[in-house]
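*Asks:* Submitted below is the structure of interest, expressed as structure tokens.
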Amino acid sequence: MDAAAFQRRIEEGIRGLGFKSAPARLYDPVRYMLDLGGKRMRPVMTLMGCDLFGGDIEQAVNPALGVELFHNFTLLHDDIMDHAPLRRGRPTVHEKWDTSTAILAGDVMFVRSYQLVSLCPDHCIRAVTKLFSDTAIEVCEGQQYDLDYESLEVSMEDYLTMITLKTSVLPATALKTGAIIAGAPDKDAALLYDAGKHIGIAFQVMDDVLDVFGDAGKFGKQPGGDILAGKKTGVLIRALETAGAGDRDALLRLYADKDMEPEKKVSSVTRLFGDLGVRESLQQEMNRHFDTAVQSLDAINAPAEKKEAMKAFFGQLMKREM
């Protein structure tokens, strides 16, 4: 099976989750969130991680769906904290309903994700659920760092620590979960986790770049949403590290200005980012983490053709529209 076939299997699984019809204000937002789509990269990784070591992917489907539900729960709550109006080009759950409804819908997705992850073979249930629980805590830690960094001086090292926890440990866990289910040796499962972590970092750096320089119609988010939210993304951090005193002061003034018309603010900040060469610098950061992910994958004892398929999948993830 290839990545497209794995994705179809995941979509089939999502359609079969069978959330209740009542209370409608609890379950309708859950269905809406899942219907927003996306690449389903994390659950696909779980199936690919299982297949890499010759496992039965059907044994990995429920845990993969749990990973996807957990991911969507984090997006839903993240949108609330960021006051984001759009998710994948459509209104966020808290905008379409209200904040209390969105919080509760996220909570039920979180609980259901645990139910699904625990539906793995008996021989690995302890290892899989421990990994998932540890990851859930790390994601919360990363989210807290993200909130803290809105009012702190942040280095690129701080930023990479934050996105590792908030974003990249989940694809790493998705891959390792599949490997554990397939009975992979601990060393190989650890290497696969490392590959997932670094591809996750590269993906998040690209996400930050796309927020500024991406095509909104293709990217599916509010253009410059991170700028308007005052978020300390890799783009801003690298710009502040690169800028001279004048440009640095100008950037900080723009970010602090709450009264400026949003489109003007975004365009002014974006122009400064462009002048400072931030996009090109972060492309190098993305490439570094992508290469590290491939090196970890190369070191795994698994069929070469399956490793090549996973490398191709990693490459596809990095070909998002700028």
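Coordinate-derived values only; no laboratory data. Owing to the predicted nature of the structure, the values given are computational and were not obtained by experimental measurement. Methodologically, a virtual Cβ is constructed for each residue, glycine included, from the backbone with ideal geometry; neighbour enumeration extends over all protein chains shown.
*Asks:* With an 8 Å cut-off on Cα pairs and a minimum separation of 6 or more residues, tell me the relative contact order of the stretch 51-145 in percent.
*Replies:* Values: 75 pairs, mean separation 31.8, N = 95.
Worked out over the stretch 51-145, it gives 33 percent.
*Asks:* Among D226, D188, D35, which one shows the highest mean-square fluctuation when the chain is modelled as a Gaussian network with alpha-carbon springs under 10 Å?
*Replies:* Of D226, D188, D35, the most mobile in the Gaussian network model is D35.
*Asks:* With labels modelled as points extended 7 Å from the Cα through the Cβ direction, what inter-label distance (nm, one decimal) is found for R88 paired with M156?
*Replies:* The modelled label-to-label distance comes out at 3.3 nm.
*Asks:* Please report the relative contact order for the stretch 3-317, taking Cα pairs under 8 Å with a sequence separation of at least 6, and give it as a percent rounded to a whole number. Could the numbers behind the result be given before it?
*Replies:* Values: 436 pairs, mean separation 60.5, N = 315.
Averaging sequence separation for qualifying contacts and normalising by length gives 19 percent for the stretch 3-317.
*Asks:* Step through the table entries K20/K319; K232/K319; K231/K306; K166/K319; K96/K265; K39/K258, compare each Cα-Cα distance with 30 Å, and write down the pairs that go over it. Please report the intermediate quantities before stating the final value.
*Replies:* Working: K20/K319 37 Å; K232/K319 24 Å; K231/K306 38 Å; K166/K319 22 Å; K96/K265 26 Å; K39/K258 34 Å.
Going by Cα-Cα distance, K20/K319; K231/K306; K39/K258 fall outside the 30 Å limit.
*Asks:* Moving on to the next point. For R271 and M318, what does the FRET efficiency come to when R0 = 30 Å and r is the distance between their Cβ atoms, rounded to the nearest 0.05? Don't skip to the answer; put the middle values down first.
*Replies:* On the way: r = 26 Å, r/R0 = 0.86.
Using R0 = 30 Å, I get an efficiency of 0.70.
*Asks:* Of the residues S118, S21, S168, which exhibits the maximal mean-square fluctuation in a Gaussian network model of the chain defined by a 10 Å Cα contact cut-off?
*Replies:* Taking springs between Cα atoms under 10 Å, the residue moving most is S21.
*Asks:* Averaging sequence separations of C-alpha pairs under 8 Å and six or more residues apart, then dividing by the length of the stretch 1-66, give the relative contact order as a whole percent.
*Replies:* Details: 42 pairs, mean separation 26.4, N = 66.
Here the relative contact order equals 40 percent.
*Asks:* Would you be so kind as to identify all helices of the chain, as entire DSSP H runs, whose Cα atoms reach 15 Å or more along the helix's own axis and whose mean Kyte-Doolittle hydropathy is at least -1.0? Can you show the working numbers first?
*Replies:* Numbers: long enough: 3-15 (18 Å, -0.55); 24-35 (16 Å, -0.39); 41-52 (16 Å, 0.78); 58-82 (36 Å, 0.08); 99-117 (27 Å, 0.88); 125-148 (34 Å, -0.12); 169-181 (18 Å, 1.45); 186-213 (40 Å, 0.36); 245-256 (16 Å, -0.08); 262-275 (20 Å, -0.61); 278-298 (30 Å, -0.95); 304-317 (20 Å, -0.42).
Both cut-offs are met by 3-15, 24-35, 41-52, 58-82, 99-117, 125-148, 169-181, 186-213, 245-256, 262-275, 278-298, 304-317.
*Asks:* Quick one: if the Förster radius is 30 Å, what FRET efficiency do K306 and Q283 give, using the C-beta to C-beta distance and rounding to 0.05? All intermediate terms of the calculation are to be shown ahead of the outcome.
*Replies:* Numbers: r = 29 Å, r/R0 = 0.95.
So the FRET efficiency works out to roughly 0.55.
*Asks:* A follow-up question, please. If I model a spin label at D298 and A5 as a point 7 Å from the Cα along the Cα→Cβ vector, what separation in nanometres do I get?
*Replies:* About 2.8 nm separates the two model spin labels.
*Asks:* If R₀ is 30 angstrom, what is the calculated FRET efficiency for the pair K20 and D122, using the beta carbon separation as r and rounding to 0.05? Don't jump to the answer; show the numbers that get you there.
*Replies:* Numbers: r = 28 Å, r/R0 = 0.93.
It comes out at approximately 0.60.
*Asks:* How would you rank 200-212, 63-75, 124-136, highest first, on the average number of other Cβ atoms within 10 Å across their residues? Write down the numbers at each step before the final one.
*Replies:* Working: 200-212: 23.4, 63-75: 25.7, 124-136: 16.8.
Output ranking for 200-212, 63-75, 124-136: 63-75, 200-212, 124-136.
*Asks:* Moving to a separate point now. First select every other residue whose beta carbon is under 13 angstrom from the beta carbon of K20; then total the charges, Lys and Arg +1, Asp and Glu -1.
*Replies:* Details: positive: R25, R31, R112; negative: D28.
Residues near K20 contribute +2 overall.
*Asks:* Which entry is the computed mean projected area of the Cα convex hull in nm² for this structure: [x] 15.7; [y] 33.5; [z] 17.1?
*Replies:* Correct label, based on the coordinates given: [x].
*Asks:* Please identify every one of the trypsin sites (Lys or Arg not before Pro) in the stretch 1-37 that sits in a loop by DSSP and has no more than 15 other beta carbons within 10 Å of its own beta carbon. Please list the in-between numbers first.
*Replies:* Values: sites: R8, R9, R15, K20, R25, R31; in loops: K20.
Of the trypsin sites (Lys or Arg not before Pro), the ones in loops of the stretch 1-37 whose Cβ has at most 15 other Cβ atoms within 10 Å are K20.
*Asks:* Using the Cα centre of the chain as origin and beta-carbon charges of +1 (Lys, Arg) and -1 (Asp, Glu), tell me which of L276, V30, A304 is placed farthest towards the positive end of the dipole.
*Replies:* Projecting each Cα onto the dipole axis, the largest value belongs to V30.
*Asks:* Now for a separate question. Let's see if you can work this out: charge +1 on each Lys and Arg Cβ, -1 on each Asp and Glu Cβ, no other charges. What is the dipole magnitude of the stretch 3-317 about its Cα centre, in debye to the nearest 20?
*Replies:* Details: 36 positive and 46 negative charges, 179 e Å.
Using only the charged Cβ atoms, the result is roughly 860 debye.
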